[in-house]
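The values are calculated or read from the model by the stated rules, or taken from the named source; none is laboratory data. Predicted model, so just to flag it, every value in this text is computed and none were measured. Note that each Cβ is placed from the backbone with ideal geometry, even for glycine, and that neighbours are counted across all protein chains shown. These area figures cover heavy atoms from the full protein model, side chains too; ligands, DNA and RNA do not enter into them. Shrake-Rupley method; radii C 1.70, N 1.55, O 1.52, S 1.80 Å.
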Amino acid sequence: MASATPTPNDLYVIALGGNAFMKKGEGVEAQWHNVEKAARQLVDLIEQGYRIVVTHGNGPQVGLIVNWVHHYYGRPVERLTLDIAGAMTQGWLGYMLQQAIGNELERRGMPRRVVTLVSQVLVDRNDPAFQNPTKYVGPYYSREEAERIAKETGWVFKPDPRGGYRRVVPSPKPLRVVEIEAVKRLIEQGFIVITVGGGGIPVVSSDGRLRGVEAVIDKDLASSLLAQSLRARALIILTDVDYVYLNYGKPNQQPLKLLKASEARRLLEEGHFPPGSMGPKVQAAIEFVEAMGEGYFAAIGSLDNALAVARGEKGTRIVPG
């Protein structure tokens, strides 16, 4: 297994869950507190010598934007498609992270070199995900509320593993980060880059032209693709649980501390990790370590323990093999 001690050339992609910014039952005002808390954890990593690129989810926020517009106008607004809402949340959360990380760096006497890059991610227009929406976005509703809104809008709702009902939208597989060369240049110049927010803005290519599509890319799968493209040493997925568990939420739940990629894939295929919550995180970790090979690793754990997760002291670590 790769050493947890970073070297000057090591690069770690840190993926923050959208629910780390807006937890169930919280409003928009709570986000600044949550983002500032995340910034302290990220700067702890930087202070210990880790070079990082930051990605983030946007499920709660992109759903909120669409809901706000819907409630304001009393109907869905055709022009506010999910790709535009995704671009808006890249600016929204990127701004908050950029400011909070910069303030924390300055407080500790380190250079304030943080930048947010709005990014597009290529997907396949024929991806089967467009026929089977699975990605949760927006706030939580009761079954009655979800049924009423579904009748008004035509949106699809499903039960969320965390409780309640949420809207689900297509989540196609990410194929390429369009702005990857810009990300590399910024890293080379010493910037902490915040990018691929919300999985990136989903776009398809037609006759050499890009255009957005009505979908939300899973940020963990996009973060894995980004980490592979950057040849990062590790993919660190930080969320609101401390480990990947078997039988999560049941009396016999069991934390998994170290998994080989083959073991993780077997458990995933056996259905131990739900597609709406831990499944994409485990899938993203597997794809990263299988693509990169020996000396590379992925880890999944709590944002509250970011440094310990990176060091392998806490969280679930997934390694090749």
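Close contacts from region 138-156, counting a first residue that is more than 24 Å from Gly18 (Cβ to Cβ) and not assigned by the TED database to the domain that holds Leu82 and a second that is at pLDDT 90 or above and open to solvent by less than 40 Å² (accessible area, probe 1.4 Å), with Cβ to Cβ under 6 Å and a gap of 6+ residues or different chains, come to none at all.
Within region 125-134, being assigned to a helix (DSSP H, G or I) and buried (at least 17 other Cβ atoms within 10 Å of the Cβ) holds for Ala129, Phe130. The residue list Ser171, Ser223 contains one member that is under 23 Å from Val43 (Cα atoms) and of a type in the set (Ser, Thr, Tyr), which is Ser223. Residues of region 272-292 that are over 13 Å from Leu235 (Cα atoms), open to solvent by less than 60 Å² (accessible area, probe 1.4 Å) and without any contact (Cβ under 8 Å) to a residue 40 or more places away in the chain: Phe273, Met278, Gly279. When only residues in region 135-193 that are in a loop (DSSP other than H, G, I, E, B) and open to solvent by 50 Å² or more (accessible area, probe 1.4 Å) count, which is farthest from Asp220 (Cα to Cα)? Per the criteria, the residue is Gly154. Being in contact with a helix residue (DSSP H, G or I) (Cβ under 7 Å, 6 or more places away or on another chain), within 25 Å of Ser277 (Cα to Cα) and either acidic (Asp, Glu) or open to solvent by less than 40 Å² (accessible area, probe 1.4 Å) (or both) is true of Val244. State which residue is modelled with the lowest pLDDT when the search covers only region 180-215 and only residues that are under 11 Å from the mean Cα position of the chain (by Cα) and at negative phi. The selected residue is Gly197.
When region 293-311 is limited to residues that are small (Gly, Ala, Ser) and touching a helix residue (DSSP H, G or I) at 6+ places or on another chain (Cβ under 8 Å), the one that is surrounded by the fewest Cβ atoms within 10 Å (Cβ to Cβ) turns out to be Ser302.
When the test is whether a residue is of a type in the set (Phe, Trp, Tyr) and either at pLDDT below 80 or farther than 21 Å from Phe191 by Cα (or both), Tyr50 does not pass it.
With respect to Glu263, determine if the residue is open to solvent by 20 Å² or more (accessible area, probe 1.4 Å) and closer than 18 Å to Asp220 by Cβ.
Numbers: open to solvent by 20 Å² or more (accessible area, probe 1.4 Å): yes; closer than 18 Å to Asp220 by Cβ: no.
For Glu263, the condition - open to solvent by 20 Å² or more (accessible area, probe 1.4 Å) and closer than 18 Å to Asp220 by Cβ - is not met.
Taken residue by residue, region 103-124 has no member that is surrounded by fewer than 14 Cβ atoms within 10 Å (Cβ to Cβ), out of contact with any helix residue (DSSP H, G or I) (no Cβ under 9 Å at 6 or more places or on another chain) and modelled with pLDDT under 95.
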